[in-house]
Amino acid sequence: MQEEPSSLSQWSDLPPDVLREISGLLREAGDVVSFHAVCKPWRDSHEQTRKRKQLGLPWLLAPNKMIDPFYINMRCIFSRRSYFALPPFSMQSRNWVASADGTAVWYLSESPSPSLRDPLTEAVTLLLPPFPHEKGRWKRSPNGIVYSDGTVLLYHMSRYVHGDPRKLRAALLRPGDATWMVVDRTFRSADYMYVSYYHGKILITVDGPVLTPDDEAGIGDVLALSRPWLPGELDDYIQIIYMHSYTLESRGELLCVSIYIDRDYPYAYGGKPNVGGLVRSLWMVVHALVEDESAPGKMRWVEKDGNSLADRVLFLGRPNSFSVDASRLKGGSDDAVTGGCAYFIYHELGVMPDRPCCVFRYSFKHGSARFVERLPQGWDNYLYMWLFPHPSIAPTQEIIDRLEGRKWWKKKKKKEPHMAPTPTSNIYKDDIPQPQCYNTYLRVYVENLPPKVDSFQLRKFLSKYGKVSNVQVVCKRKNKKSTKIGLVNIAMMEKRADALATLNGLVFNGHTLYVRLLRMWKGRRMPPAGSNQHSHGNLICIVLLLFFFILTVWWKLI
């Protein structure tokens, strides 16, 4: 018992260089906060760590479907952790404004004067000039994007009614402007519109095959054009169906990412909606906006090669989508985020209607999608954003001052003006203990393992997705080298289709895993560790061989 305090004190006596190195490897915001809350030396290492340009893992953020009580859903799909926040004021409307690079999110408040507020603290971040009275009030909750140069773009569109024209209102405020530039447009051939700010103009990408003469006319700083269409798409020559698009700016060029699905889904994949068939049916195409050489002054879409996006990661959402250099997202042990891919949400009602929002990852290099996970109940696909959280760690002295200020018997001294205190967070981890109800018990065949991975490392990697009871990495008999094949018994809470789709395509130390089903157990019990699906057959063979051996010996003795 005397050695326990000294052993514990060794953790706080780690060299600062080691603490900074460990802190730099933490990519999930929850881990960063937990690490710096252990002791004073660990907290002090945050000052040097935050100066690095490396980004953490992004969160998905979306308002809850329920109006009362209202809260904000947050989830890190890479660590599979959920968080929620209770705003200090009512936000029943969806006036969400996001930064173009995914580093901040605000809430647009129109009273008493237009302003951008922090949705967690209600603090006013940016005061905006009033909207022109002659244009009237916003008919619906506007969304918006704040760009790197300080330009604010707000927009909203009328509800979609088949056959009726859609009305769009956009408001632009450039740096130095005292008034808004408000644009009202009506499109007769548009199902949906994607609004962005590009090269000083409001760019409206119309989700329609052709534009009417009124639609395609550019007025001042407004440019409207149709979304990119594939050859034969209008005549149904290709066996895919268009779903929706996202527009974003990446390295100075405007990209339009379109998502398609096979026309034969789900009939060609079992006849019923399933995640495995959906993964094989999704397809993504990226176009870039360039100037038309044959017609000066006009713009056109040109399809990009997937290999040109090998060093970028796209995060697609509403109202903002953005791209990030893949080198800024690395640093962990399993390279969860690799370049040349895009993350997006697809609304799928066929398998689990109460949890329809699924996250997918599309690889431009391989031209295939991978199922990441199904979001918890309550998520809405109408409005969701990707956000890089930047946790604020209060210095040790500030925490001491806070604790001293709570002591009522001490005299309150007049504080000299200093830096603003670190805001207190109202983000909570959704760690309510849930019963581990496993729905699927699988024995899977894993291919393309890293050469130097052993059974312990594979068990640790797959434990994030379920309860692993048995892992065996197959090795050669002669030199004991790995054959890059593994056999795993795992219990998962997802159903069979979701479970296989979750495991198949995982990236482990830079290697994409290919998973196939060997056996699925029924009931709620899994075979113990070390059991084999052929154990009963092997036992019968051993008994028969032993019987014939005894019979042969007895015959010779006679």
Completion exercise
Gln472 passes all but one of the listed conditions (1) of a type outside the set (Lys, Arg); (2) open to solvent by less than 70 Å² (accessible area, probe 1.4 Å); (3) at pLDDT 85 or above; the exception is number (2)
Practice task
Evaluate the following for Gly505: is it among the small types (Gly, Ala, Ser) and at pLDDT 70 or above?
Solution key: yes
Fill in the blank from the handout: The correct count of residues that are out of contact with any strand residue (DSSP E or B) (no Cβ under 6 Å at 6 or more places or on another chain) and open to solvent by 50 Å² or more (accessible area, probe 1.4 Å) in region 101-112 is 4
Practice task
Being among the polar types (S, T, N, Q) and under 23 Å from the mean Cα position of the chain (by Cα) is the filter; apply it to region 269-315 and report the residue that is surrounded by the fewest Cβ atoms within 10 Å (Cβ to Cβ).
Solution key: Asn307
Exercise for the section: Please indicate, with yes or no, whether at least one residue in region 356-378 is modelled with pLDDT under 70, assigned to a loop (DSSP other than H, G, I, E, B) and either under 17 Å from Gly317 (Cα atoms) or of a type outside the set (Lys, Arg) (or both). Expected result: no
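For region 16-42, enumerate the residues that are of a type in the set (Ser, Thr, Tyr) and open to solvent by 40 Å² or more (accessible area, probe 1.4 Å). Give the steps one after another, and end with the answer.
Initially, region 16-42 is screened for residues of a type in the set (Ser, Thr, Tyr), giving 23, 34.
Of everything in region 16-42, just one residue is of a type in the set (Ser, Thr, Tyr) and open to solvent by 40 Å² or more (accessible area, probe 1.4 Å), namely Ser34.
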Completion exercise
Per the filter on region 24-71, residues modelled with pLDDT of 80 or more and of a type in the set (S, T, N, Q) are Ser34
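Check every one of the strands (runs of 3 or more DSSP E) wholly within region 165-210 and list those with 2 or more residues that are crowded, with 20+ Cβ neighbours inside 10 Å and in contact (Cβ under 8 Å) with a residue 40 or more places away in the chain. Spell out the reasoning first.
Details: elements: 166-173, 181-187, 193-198, 201-206.
Once the strands (runs of 3 or more DSSP E) in region 165-210 are filtered for at least 2 residues that are crowded, with 20+ Cβ neighbours inside 10 Å and in contact (Cβ under 8 Å) with a residue 40 or more places away in the chain, what remains is 166-173, 193-198, 201-206.
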Completion exercise
Taking first residues from region 503-527 that are under 19 Å from Gly367 (Cα atoms) and open to solvent by 50 Å² or more (accessible area, probe 1.4 Å) and second residues anywhere that are aromatic (Phe, Trp, Tyr) and at pLDDT 85 or above, the pairs with Cβ under 7 Å that are 6 or more apart or on different chains are Asn504/Tyr514
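If I filter region 322-355 down to residues being closer than 25 Å to Asn439 by Cβ and not hydrophobic (A, V, I, L, M, F, W, C), which single residue comes out as modelled with the highest pLDDT?
Across region 322-355, the extreme among qualifying residues is Tyr346.
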Fill in the blank from the handout: In the set Gly271, Gly277, Gly297, the lone residue that is of a type outside the set (A, V, I, L, M, F, W, C), touching a Phe, Trp or Tyr at 6+ places or on another chain (Cβ under 6 Å) and farther than 15 Å from Trp229 by Cβ is Gly277
Handout entry: Pick from region 83-133, criterion charged (D, E, K, R) and assigned to a loop (DSSP other than H, G, I, E, B), ranking: modelled with the lowest pLDDT
Key = Arg94
Fill in the blank from the handout: If we keep only residues of region 113-144 that are surrounded by fewer than 21 Cβ atoms within 10 Å (Cβ to Cβ) and polar (S, T, N, Q), then the residue farthest from the chain's Cα centre (by Cα) is Ser113
Completion exercise
Residue count, region 486-519, condition among the polar types (S, T, N, Q), assigned to a strand (DSSP E or B) and under 20 Å from the mean Cα position of the chain (by Cα), comes to 1
Practice task
Return a yes/no flag: does region 238-257 have any residue that is farther than 30 Å from Lys495 by Cβ and open to solvent by 70 Å² or more (accessible area, probe 1.4 Å).
Solution key: yes
Exercise for the section: Please give the number of the condition Lys495 fails out of (1) surrounded by 10 or more Cβ atoms within 10 Å (Cβ to Cβ); (2) at pLDDT 80 or above. Expected result: (2)
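Is it the case that Tyr155 is assigned to a loop (DSSP other than H, G, I, E, B) and touching a Lys or Arg at 6+ places or on another chain (Cβ under 9 Å)?
Numbers: assigned to a loop (DSSP other than H, G, I, E, B): no; touching a Lys or Arg at 6+ places or on another chain (Cβ under 9 Å): yes.
For Tyr155, the condition - assigned to a loop (DSSP other than H, G, I, E, B) and touching a Lys or Arg at 6+ places or on another chain (Cβ under 9 Å) - is not met.
Run down Tyr160, Tyr155, Tyr147 and say which single residue is aromatic (Phe, Trp, Tyr), open to solvent by less than 80 Å² (accessible area, probe 1.4 Å) and closer than 17 Å to Asp191 by Cβ. So that I can check it myself, show each step before the final result.
On the way: Tyr160 fails: open to solvent by less than 80 Å² (accessible area, probe 1.4 Å); Tyr147 fails: closer than 17 Å to Asp191 by Cβ.
So the residue among Tyr160, Tyr155, Tyr147 that is aromatic (Phe, Trp, Tyr), open to solvent by less than 80 Å² (accessible area, probe 1.4 Å) and closer than 17 Å to Asp191 by Cβ is Tyr155.
The values are calculated or read from the model by the stated rules, or taken from the named source; none is laboratory data. What you see is a predicted model, and the numbers here were worked out from it, not measured in a lab. For neighbour counting, all protein chains shown are included, and Cβ atoms are generated from backbone atoms with ideal geometry for every residue, glycine included. The protein model used for the area step is the full one, side chains on, heavy atoms only, and it has no ligands, DNA or RNA in it. Shrake-Rupley method; radii C 1.70, N 1.55, O 1.52, S 1.80 Å.
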